[in-house]
Amino acid sequence: MRKKIVAGNWKMNMDLEEGLKFVGSIDKYFKENPPEKGSVILCTPFIHLAGAAQILKQGKISLGAQNCASEASGAYTGEVSAWMIRSTGAEYVIIGHSERRSYYNEDDKLINKKTLLAINSGLKVIFCIGEVLAERESDKHFLIVRRQLEEGLFTLSPEQMDMIVIAYEPVWAIGTGLTASPDQAQEMHKYIRDLIKEKYGSDCAKKMPILYGGSCKPSNAAEIFSKPDVDGGLIGGAALKKEDFTAIVEAL
Ligand code: PEP
């Protein structure tokens, strides 16, 4: 059985006090309503990580960052390395999010470098891929996702693939209120799993969690998650409201 996961991506929201208070209330909820081990991840801004790790220490929730530097250490003013993230107690990092690809010009090569650095620092990677609207409309979405996987991920060894969770996030659905239909999500998730099977074999493909992301909310989560190749979700906006986030976890 593969892992089912709901991961919240807070993006650049909440100051330190608000963020830690929110972590505390989510932690309390999941202590009272325990999810399956490893099935809930909070990806906070860097400033929350160390404090959140302390709060979550005895609980059921995993912690992650949203980005890491493309170098291991040294004179890179303003950057935060994968190892620094790991040292806070965080277990995960999101790499390749479409906002990083588009606003910070992160290409497949850089994303590949960050992924390897993160894994070598002991972090698991939520590896994001997905096409923009023009690519879907011109029927290039499979081609784009294939390229993102081949250039960003498929340099990893089979052992390193155990540290990966894939998030398929059609960019046209992120923060827009538009959602891929459950059938569109299933079609792409199956395509992704088939590519993994081709490259790494069927055991790896069967084990790989593939999350859907893009305007996932309590009203659509259950239907999307019911598809056989959809193993949960990466949640942006709805991860900032306790009722919505916990309802999406319930939908797993
Ligand atoms: C995301 O940022 O990964 C995301 C899926 O955002 P939203 O849920 O707000 O569309």
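Residues to consider are 200, 212, 191; find the one that is within 18 Å of the chain's Cα centre (by Cα), hydroxyl-bearing (Ser, Thr, Tyr) and at pLDDT 95 or above. Reasoning before the result, please.
Working: 200 fails: within 18 Å of the chain's Cα centre (by Cα); 191 fails: within 18 Å of the chain's Cα centre (by Cα).
Answer to the check: 212.
Each residue in segment 212-238 was checked for being of a type outside the set (Val, Ile, Thr), within 13 Å of the ligand (Cβ to nearest atom) and in contact with a helix residue (DSSP H, G or I) (Cβ under 6 Å, 6 or more places away or on another chain), and 7 pass.
Give the residue, chosen from 57, 37, 31, that is surrounded by fewer than 17 Cβ atoms within 10 Å (Cβ to Cβ), of a type in the set (Lys, Arg) and under 18 Å from the mean Cα position of the chain (by Cα).
Details: 57 fails: under 18 Å from the mean Cα position of the chain (by Cα); 31 fails: under 18 Å from the mean Cα position of the chain (by Cα).
37 is the lone residue from the list that is surrounded by fewer than 17 Cβ atoms within 10 Å (Cβ to Cβ), of a type in the set (Lys, Arg) and under 18 Å from the mean Cα position of the chain (by Cα).
For residue 166, the stated conditions hold: it is in contact with a helix residue (DSSP H, G or I) (Cβ under 8 Å, 6 or more places away or on another chain), within 16 Å of the ligand (Cβ to nearest atom) and not basic (Lys, Arg).
Out of the residues in segment 96-123 that are of a type in the set (S, T, N, Q) and under 20 Å from residue 175 (Cβ atoms), state the one that is farthest from the ligand (Cβ to nearest atom). Full working, then the answer.
Within segment 96-123, the subset of a type in the set (S, T, N, Q) is 98, 102, 105, 112, 115, 120-121.
From what's left, under 20 Å from residue 175 (Cβ atoms): 98, 102, 105.
On the way: 98: 8, 102: 12, 105: 18 Å.
Ranking the candidates gives 105 first.
Checking each residue in segment 12-59 for being within 16 Å of the ligand (Cβ to nearest atom), under 23 Å from residue 78 (Cβ atoms) and in contact with a strand residue (DSSP E or B) (Cβ under 9 Å, 6 or more places away or on another chain) picks out 43, 44, 45. Scanning segment 1-28 for residues that are within 18 Å of the chain's Cα centre (by Cα) and of a type outside the set (A, V, I, L, M) yields a count of 8.
The values are calculated or read from the model by the stated rules, or taken from the named source; none is laboratory data. Every value quoted in this text rests on a predicted model; they were computed, and no experiment measured them. All Cβ positions, even for glycine, are placed from backbone atoms using ideal geometry, and neighbour counts span all protein chains on display.
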